[in-house]
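Down below is the structure, laid out as structure tokens.
Read the figures in this text as sums done on the coordinates, not as results from a lab. Bear in mind the structure is a predicted one, so any value in this text is a computation, not a measurement. Every residue, glycine as well, gets a Cβ built from its backbone with ideal geometry; the counts of neighbours run over all protein chains shown.
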């Protein structure tokens, strides 16, 4: 925790460098990028999860590694060996 507070003190100086500022801003937005452009409607019944609701919940709840695998499975109908592992 001390390292974070020490790094926070240097943040204004680091943000003055255009290259580092751009890199840090892109890093902070990394997880908010959605590569799938089609919109999926929210499920109507919140008590049960149906197979038809899986697209919605996969975008909302899956970790990034599972989002990639789920998208690959949905697009190619096949996972490679290491994807299945």
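Ranked by Cβ crowding within 10 angstrom, fewest neighbours first, how are 18, 68 ordered?
On the way: 18 8, 68 13.
With the fewest neighbours first, 18, 68 line up as 18, 68.
Which order results if 16, 67 are arranged by neighbouring Cβ count within 10 Å, fewest first?
16, 67
Modelling each spin label as a point 7 Å along the Cα-to-Cβ direction, I'd like the residue 25/residue 70 distance in nm, to one decimal.
So the two model labels end up 3.1 nm from each other.
Given N residues in the range 43-85, what is its alpha carbon radius of gyration divided by 2.2 N^0.38 Å?
On the way: Rg = 11.9 Å, N = 43, 2.2 N^0.38 = 9.2 Å.
Taking the Cα Rg and dividing by 2.2 N^0.38 Å, one obtains 1.29.
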